[in-house]
Amino acid sequence: MIRRRMFRSNAVSIVYNFLMTNKTMDAIIEDNEFSTTVSDFITKLELDDELLDACYRIEERIDIYIPVINSRLKGNWRFDRLGKMEQAILLFALAELEQGIQDKTIIFNEAIELTKIFCDDDTYKLINGVLDSL
């Protein structure tokens with residue numbers, strides 16, 4: 001389970017990088033592989049095939065996922081007003097849900113745990129609310 005969470009954390013990091021740089025997933029992965037060969041300070045972002053597929057799914061379907069997330073946000077919140085890490089976590093959870101491999105409860109719990117690690121203290125409530133409405 002700890003290894004799986006590390007893989008998910010790596011996957012969310014890749015999605016975050018994708019959102020920040022607008023590079024392709026392939027370019028991000030290649031950059032990380034190159035960087036880890038020339039530097040001791042950069043960690044290799046290891047993933048299993050399932051989570052790597054979810055990353056590619058986001059790249060292909062982001063234009064479908066964003067309206068889904070927007071439809072679940074309350075008040076005047078929109079996807080583009082969320083922080084990039086919150087966006088990455090929500091996108092990754094949607095991609096995993098669409099894969100249908102992992103149980104919905106596991107995906108939601110992992111997304112909330114990653115939010116508690118990477119985001120502000122109460123942000124997990126927003127992520128939980130959006131995911132619960134799916």
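The values are calculated or read from the model by the stated rules, or taken from the named source; none is laboratory data. This is a predicted model, so every value here is computed, not measured. Positions of Cβ are backbone-derived with ideal geometry, glycine not excepted, and every protein chain shown enters the neighbour counts. In case anyone asks, the SASA skips ligands and DNA or RNA and just uses the protein heavy atoms, side chains included. Shrake-Rupley method; radii C 1.70, N 1.55, O 1.52, S 1.80 Å.
Computed values, structure above
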quantity	calculated
Only listed residue being of a type in the set (Gly, Ala, Ser) and under 21 Å from GLU59 (Cα atoms), chosen from GLY129, GLY83	GLY83
Spans of helices (runs of 4 or more DSSP H) in the range 17-134 with at least 3 residues without any contact (Cβ under 8 Å) to a residue 40 or more places away in the chain	25-38, 49-72, 104-118, 123-132
Scan of the range 110-134 for residues that are of a type outside the set (Asp, Glu) and more than 16 Å from PHE79 (Cα to Cα), ordered by number	ALA111, ILE112, LEU114, LYS116, ILE117, PHE118
Subset of the range 51-78 (residues that are of a type outside the set (Lys, Arg), within 18 Å of GLU96 (Cα to Cα) and open to solvent by 80 Å² or more (accessible area, probe 1.4 Å))	GLU60, ASP63, ILE64
